[in-house]
Amino acid sequence: MISVQEALQILQDNLPEARVDTVDLSEAYGRYLAESITAPEPSPRYTNSAMDGYALRWSDTMDASRENPVMLKISGESRAGMPFDRQVNRNEAVRISTGAMVPPGADTVVRVEDTRALDDEKVEILAVRCQGQDVRYEGEEFCCGDELLCTGTKLSARQLALLATVGHHHVKVFSAPRVSILVTGSELAASADKEIKSYQIRDSNSIMLVSALQEAGASVYSCSNVEDELQTTIDAIRNAVSQEVDFILCSGGISVGEHDHVKEAAETVGFKELFWRIRQKPGKPLFAAQKNGTFLFGLPGNPVSAYMCFRHYIRPLLFTGRGRNITWKTITAMAGGEIANNGKRTNFIRVKLEQKQGQLPQIIDIKKQGSHMLSSIVNADGYIILESGKAIQSGETVNVFLF
């Protein structure tokens with residue numbers, strides 16, 4: 001058996017070149033950036049007003065109050081898309097709309113509610129809080145050349161709005177990885193079956209893996225059930241290879257039993273073993289192999305083991321090409337009590353997170369951690385990794401891998 005770290009390093013060393021697509025922003029939702037994006041222009045692009053009001057010189061109105069208002073001449077108007085084209089001189093004010101360009105010479109905006117218009121040509125300023133009030137300065141959000149989004153960012157509505165704002169009409173994104181799923185087990189019945197035989201169990205790995213892959217942004221080419229027979233397994237893997245997928249995920253059939261055929265079948269088809277069996281709990285039997293850049297993973301049949309292996313080893317690989325590091329979404333949290341690993345293997349312990357005001361999130365371990373107990377992942381927010389013979393004391397900080 002190898003360690004968790006050794007398994008990850010082997011995968012890192014065997015990453016193929018990532019495939020990249022160039023897509024229009026309208027097709028980029030949910031995709032992962034294959035390039036870093038730098039600002040081609042500042043934001044705001046020009047100094048503008050945060051409020052409706054009057055643009056003026058602070059020095060003219062710094063002593064204004066409701067008891068002693070300052071009267072200014074209204075010399076024009078600056079509207080969004082129609083800026084005032086002259087200098088604001090001493091004792092002048094320019095009507096200004098939210099988002100409109102602040103004209104040269106003005107350094108402050110006074111809100112409408114802090115003014116009193118006398119007529120179309122004069123306005124009284126009743127209060128000015130500070131110089132620069134309600135002015136959005138050119139480049140105060142970001143400057144030209146600043147990094148806006150890094151490689152690997154998942155594009156949601158927020159990121160797409162930012163890209164549109166700076167004029168990016170097309171972006172490079174990682175191609176959605178193509179995946180084929182083979183769920184082995186002669187004992188499996190369809191999840192929709194109301195009545196099953198006493199020796200059968202309902203297949204939950206198919207829907208779990210398909211959903212997990214879709215959630216990650218992968219494209220599932222096929223999902224098949226395979227009987228526990230060597231030739232049937234060989235044929236199923238050959239068929240998956242013919243689909244020219246990037247990943248083949250097999251669940252079950254990977255331990256040392258007489259009817260566990262995935263490893264032998266994969267090698268018969270021409271896959272080269274990368275590793276088999278990791279010193280971890282759950283998920284010890286995990287098998288990884290590769291052929292012409294296609295990864296094949298043999299996941300344990302137990303649903304929790306399969307899911308944990310998927311989360312820690314496979315999901316991070318989906319959009320990680322050669323030259324990029326495998327990463328996870330993690331947070332720092334605090335142990336709410338002692339958590340110990342008295343076993344001989346590294347333990348992936350499922351935990352809940354409890355937020356307390358003004359403190360780091362507190363982790364609470366879930367008592368029922370069996371690899372067959374789906375409730376241990378349903379009720380968890382993530383997991384921690386605890387080495388054999390180690391313990392975390394109450395109040396200690398720990399890295400949590402989020403689901």
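The values are calculated or read from the model by the stated rules, or taken from the named source; none is laboratory data. On a predicted model such as this, the values are computed, not experimentally measured, just so you know. Because the Cβ atoms are built from the backbone with ideal geometry, glycine has one as well, and the counts that use them run over all protein chains shown.
Data overview
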read-out	value
Meets criteria (over 30 Å from Asp21 (Cα atoms) and touching a helix residue (DSSP H, G or I) at 6+ places or on another chain (Cβ under 9 Å)) for Leu299	no
Residues that are within 24 Å of Ile314 (Cβ to Cβ), assigned to a loop (DSSP other than H, G, I, E, B) and of a type outside the set (A, V, I, L, M), drawn from region 344-374	Arg345, Gln369, Gly370, Ser371, His372
The one condition in (1) more than 23 Å from Arg31 (Cα to Cα); (2) not in a loop (DSSP other than H, G, I, E, B); (3) not small (Gly, Ala, Ser) that Arg315 fails to fulfil	(1)
Residue, nearest to Val304 (Cα to Cα), within region 377-403, restricted to residues that are over 23 Å from the mean Cα position of the chain (by Cα) and among the small types (Gly, Ala, Ser)	Ser388
Lys356 being surrounded by fewer than 18 Cβ atoms within 10 Å (Cβ to Cβ), under 21 Å from Lys390 (Cα atoms), not aliphatic (A, V, I, L, M) and not assigned by TED's automatic domain parsing to the domain that holds Phe287	no
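Rundown of residues vs (1) modelled with pLDDT of 95 or more; (2) over 27 Å from the mean Cα position of the chain (by Cα); (3) not in a loop (DSSP other than H, G, I, E, B), yes/no style:
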residue	(1), (2), (3)
Glu6	yes, no, yes
Gln12	yes, no, yes
Pro16	no, no, no
Asp21	yes, no, yes
Ser26	yes, no, yes
Gly30	no, no, no
Pro40	yes, no, no
Tyr54	yes, yes, yes
Ser59	yes, yes, yes
